[in-house]
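The values are calculated or read from the model by the stated rules, or taken from the named source; none is laboratory data. Everything numeric here is computed off the predicted structure, so don't read it as measured data. A quick note on method: Cβ atoms are made from the backbone with ideal geometry, for glycine too, and the neighbour counts reach across all protein chains shown. To get the accessible areas, we keep the full protein, side chains included, count just its heavy atoms, and leave off ligands, DNA and RNA. Shrake-Rupley method; radii C 1.70, N 1.55, O 1.52, S 1.80 Å.
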Amino acid sequence: LAALQGLPGAKVCDIQHKLPSILACHTNVNNIIVHVGTNDIRERWSVAFQENYKTLITIVMGTGKHIVSSGPLPTYRKGSERWSRLFDLHTWLKRYCASLNSPNVNNFDLF
């Protein structure tokens, strides 16, 4: 949705705040792919990020729309610390989606 709305570089909390207006503009949308989190790892991995992500997912689930979480795309060109943070995000997201019985696109294993 962020790409659809022209919000490149958006973080989880940005999408969280803009989600109601985004959905209001797209009332005929039945499926939502949540692909956020990569921009958040520039700051350190934190419990705050996890709580923001959980809140975002709760908001989307509350709309009654079908939701799919898309994991981060791995990168090796920006250093091992960034890759490690992306892998941590991937691992957490995979576990979190499984706990919700929610589909998760596992981009790490695809690369």
Original post:
So which residues in segment 83-110 are within 12 Å of residue 73 (Cβ to Cβ) and in contact with a Leu (Cβ under 7 Å, 6 or more places away or on another chain)?
Top reply: 107
Subject >> segment 81-111: number of residues that are under 28 Å from residue 29 (Cβ atoms) and not hydrophobic (A, V, I, L, M, F, W, C) >> reply: 12
Original post:
In segment 28-47, what residues are open to solvent by 60 Å² or more (accessible area, probe 1.4 Å) and at pLDDT below 85?
Top reply: 35, 42, 43, 44, 45, 47
**OP:** Please work out if residue 57 is in a strand (DSSP E or B) and open to solvent by less than 40 Å² (accessible area, probe 1.4 Å).
**Re:** no
Original post:
When segment 60-111 is examined, which residues are found to be open to solvent by 80 Å² or more (accessible area, probe 1.4 Å), part of a loop (DSSP other than H, G, I, E, B) and more than 17 Å from residue 12 (Cβ to Cβ)?
Top reply: 76, 77, 78, 101, 111
Subject >> Boolean, residue 83 is touching a residue at least 12 places away in the same chain (Cβ under 8 Å) and at negative phi >> reply: no
Original post:
What do you reckon, is residue 87 among the aromatic types (Phe, Trp, Tyr) and farther than 18 Å from residue 18 by Cα?
Top reply: yes
Original post:
of a type in the set (D, E, K, R) and either under 13 Å from the mean Cα position of the chain (by Cα) or under 29 Å from residue 24 (Cα atoms) (or both): does that describe residue 78?
Top reply: no
Original post:
Listed residues 63, 58, 91; which is within 15 Å of residue 104 (Cβ to Cβ), at pLDDT 85 or above and hydroxyl-bearing (Ser, Thr, Tyr)?
Top reply: 91
